[in-house]
1. Among the numbered criteria (1) of a type in the set (Val, Ile, Thr); (2) open to solvent by less than 20 Å² (accessible area, probe 1.4 Å); (3) within 16 Å of Gly116 (Cα to Cα), which one does Thr91 miss?
2. Restricting attention to the range 1-16, and to residues there that are outside any strand (DSSP E or B) and open to solvent by 60 Å² or more (accessible area, probe 1.4 Å), which single residue is modelled with the highest pLDDT?
3. Taking the range 81-102 as the search range and keeping residues that are modelled with pLDDT of 95 or more and among the polar types (S, T, N, Q), which one is farthest from Val2 (Cα to Cα)?
4. Answer with yes or no whether Arg30 is within 18 Å of Tyr112 (Cα to Cα), charged (D, E, K, R), in contact with a Gly (Cβ under 7 Å, 6 or more places away or on another chain) and surrounded by fewer than 17 Cβ atoms within 10 Å (Cβ to Cβ).
5. Working carefully through the options Arg19, Arg45, Arg38, find the one that is open to solvent by 60 Å² or more (accessible area, probe 1.4 Å), under 20 Å from Gly116 (Cα atoms), touching a residue at least 60 places away in the same chain (Cβ under 8 Å) and touching a Lys or Arg at 6+ places or on another chain (Cβ under 9 Å).
6. In this structure, does Leu81 turn out to be touching a Ser or Thr at 6+ places or on another chain (Cβ under 7 Å) and aliphatic (A, V, I, L, M)?
7. Looking at Ser122, Ser52, Ser109, Ser71, can you tell me which residue is in contact with a strand residue (DSSP E or B) (Cβ under 7 Å, 6 or more places away or on another chain), loosely packed, with under 14 Cβ neighbours inside 10 Å and more than 15 Å from Leu4 (Cα to Cα)?
8. As an exercise: evaluate Ser103 against (1) open to solvent by less than 50 Å² (accessible area, probe 1.4 Å); (2) among the small types (Gly, Ala, Ser); (3) in contact with a helix residue (DSSP H, G or I) (Cβ under 6 Å, 6 or more places away or on another chain) and give the number of the one condition it does not meet.
Amino acid sequence: QVQLVESGGGLVQAGGSLRLSCAASGPTFRSYTMGWFRQAPGKEREFVAAISGSGGSPYYTDSVKGRFTISRDNAKNTVYLQMNSLKREDTAVYHCAARTRGSLYVADSYIYWGQGTQVTVSS
C-alpha cells in the first residue's frame, strides 16, 4: 500500500513557474514508476509525465516538453514536477500516481493515486 500526497499547486500568472511535490509513504517507493496526470474541468484525465523507479528515463506528453521537468528523490520518497512557462491551458488538478504495469501513458496502469493539487494559470 502506498499513500500519495501532492502539494505545491496554486494560482500563477501565465509565464510563471510552480513546483509540485508528491510525498509517498511506504518502503517500496523506488520500485514504482511514478507519473503525473492532470484533469481540467469537463475533460478526461491526461498523462503529463512519468519517471522510472531509478530516476532515469523521463517521459512527457508533447504539450509540456521543454517546459516541465519530472524528477524524484528516492531518499525522500518524493517525486517532483517543475513547471515553467506556464500557460492557461495548463490549468487543471494535478495528480501523482504509482504505476504497476502496462502503458505508462494510461491512467489504468497506475494503482495508487493522490488526491490532487489545483494549478490555475491566469492570463
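The values are calculated or read from the model by the stated rules, or taken from the named source; none is laboratory data. Because the structure is a prediction, the values reported are computed rather than measured. Positions of Cβ are backbone-derived with ideal geometry, glycine not excepted, and every protein chain shown enters the neighbour counts. SASA here: full protein model, heavy atoms, side chains in, ligands and nucleic acids out. Shrake-Rupley method; radii C 1.70, N 1.55, O 1.52, S 1.80 Å.
1. Looking at each condition in turn, Thr91 falls short on (2).
2. Gln3
3. Ser85
4. Numbers: within 18 Å of Tyr112 (Cα to Cα): yes; charged (D, E, K, R): yes; in contact with a Gly (Cβ under 7 Å, 6 or more places away or on another chain): yes; surrounded by fewer than 17 Cβ atoms within 10 Å (Cβ to Cβ): yes.
Considered against the rule, which asks whether it is within 18 Å of Tyr112 (Cα to Cα), charged (D, E, K, R), in contact with a Gly (Cβ under 7 Å, 6 or more places away or on another chain) and surrounded by fewer than 17 Cβ atoms within 10 Å (Cβ to Cβ), Arg30 comes out as yes.
5. Answer to the selection: Arg45.
6. no
7. Details: Ser52 fails: loosely packed, with under 14 Cβ neighbours inside 10 Å; Ser109 fails: loosely packed, with under 14 Cβ neighbours inside 10 Å; Ser71 fails: loosely packed, with under 14 Cβ neighbours inside 10 Å.
Within the list Ser122, Ser52, Ser109, Ser71, the selection yields Ser122.
8. (1)
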